[in-house]
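One structure below.
Derivation of every value follows stated rules applied to the coordinates shown; laboratory data play no part. Keep in mind that this is a model prediction, so the values were computed, not measured. Here the Cβ is made from the backbone with ideal geometry for all residues, glycine too, and neighbour counts use every protein chain on show.
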């Protein structure tokens, strides 16, 4: 999609080159080409982890499937973050 919006459970801000405050339940949105153009750093295979949500279910009778994706640590600049606790 050209434009997108996602919710997260957890994020860390990077300020002056250091990890600072934790942001819980943040949301972020952007335009795909600009978003990937703002990728500042990406981790190697040692930072790769599998993330996901167990128990995404649909249908009748209910069908349950584990949904997830693997990703390394990544740092982006100029991302619009909103909401959160």
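Which condition does residue 69 not pass, out of (1) surrounded by 11 or more Cβ atoms within 10 Å (Cβ to Cβ); (2) under 12 Å from the mean Cα position of the chain (by Cα), if it passes all the others?
So the condition that residue 69 fails would be (1).
With respect to residue 5, determine if the residue is more than 11 Å from residue 79 (Cβ to Cβ), surrounded by 10 or more Cβ atoms within 10 Å (Cβ to Cβ) and in contact with a strand residue (DSSP E or B) (Cβ under 6 Å, 6 or more places away or on another chain).
Yes.
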